[in-house]
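*Asks:* Just passing along the structure, written as structure tokens.
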Amino acid sequence: MPKRPAAVLSTETIATRIHFMRGEKVLLDEDLAILYGVQTRRLNEQVRRNRERFPADFIFQLSTAEFLDLKSQFATSSWGGRRKLPLAFTEHGAIMAATILNSSRAVEMSVYVVRAFVRMREAISQNKEIAKKLDALERRIDSQDETIVEIVQTIRKLMEAPSRPAEPKRRPIGFVTPKEK
């Protein structure tokens, strides 16, 4: 497998490979292996040999339904590819994987992985702040809805042409005979 220079794999590139599954932000074993410059089977082999370093909150295996859903998102073929369900590494699991691989590339890329997870965390918190502001704005508009309707109705009344009262009978000008009254 050809090694990619670290400069090509920016934090944004790594962030696009982070998925949200089971309430966790995770990197799949295949993506992590590419980042660390090893084969997926080698990464998984090292994880199996060092299982005590990977508690349940560091790593989990995808279920068949999760994997099929993931495949449908990427539009991959159903006849080729993996024999086993992929492993999903949380932020801590991805860093632990770098330590068991014991290669300079893995250590170098682990810094980028941490930065990508931090960037994702910041983006999520910013989205929560925007959602709170929208909720507050929506509440303000809802409470002022009646006031706005009243203002519009008043403006429409002012725009209507005033209704004219019946004109009083005018006294004719000049000499009027009793028959004309």
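The values are calculated or read from the model by the stated rules, or taken from the named source; none is laboratory data. Predicted model only: the values in this text are computed from it and were never measured. All accessible areas refer to the heavy atoms of the entire protein, side chains included, with ligands and DNA or RNA removed. Shrake-Rupley method; radii C 1.70, N 1.55, O 1.52, S 1.80 Å.
*Asks:* Hey, what do the phi angles of the stretch 20-28 turn into as Karplus ³J(HN,Hα) couplings, whole Hz, using 6.51/-1.76/1.60 and θ = phi - 60°, x for Gly and Pro?
*Replies:* Result, ordered by residue: 10, 9, 6, x, 10, 8, 9, 10, 6 Hz.
*Asks:* What are the residues whose amide H is under 5 Å from the amide H of Ile59, where those residues sit 5 or more places off or on another chain and H is modelled from the backbone?
*Replies:* Thr90
*Asks:* Considering only C-alpha atoms, what is the centroid distance from the stretch 98-114 to the stretch 49-63, in Å?
*Replies:* Cα centres, the stretch 98-114 to the stretch 49-63: 17 Å.
*Asks:* For Tyr112, Tyr36, give the ranking by accessible area with the largest first, probe 1.4 Å. If you can, show how the numbers build up before the last one.
*Replies:* Numbers: Tyr112 60, Tyr36 0 Å².
The most accessible residue leads, giving Tyr112, Tyr36.
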